[in-house]
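To keep things clear, I will list the structure first and then write my remarks on it.
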């Protein structure tokens, strides 16, 4: 069965994947935080970038 073409965009775009070093580097630089601060925020509120930004006050 083919993909649903009405659903565009990537849901992963708004998620922070702490299993990938390049994503950790990207998000720590983008948010101006340490890796530990990023990990604690993701643990507290989940891996959506919106929730993490709110938690970090960004």
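Each value in this text was obtained by applying a stated rule to the coordinates, not by laboratory testing. Just so you know, these numbers come straight off a predicted model, no measurement behind them. FYI the Cβ positions are ideal-geometry reconstructions off the backbone, even for glycines, and counts take in every protein chain you see.
Annotations for the structure displayed:
- FRET efficiency estimate (nearest 0.05) - Cβ-Cβ, residue 15 to residue 39, R0 22 angstrom: 0.90
- Peptides 16-22, 47-53 ranked from most to least packed give 47-53, 16-22, packing being the mean of other C-beta atoms within 10 angstrom over each peptide's residues.
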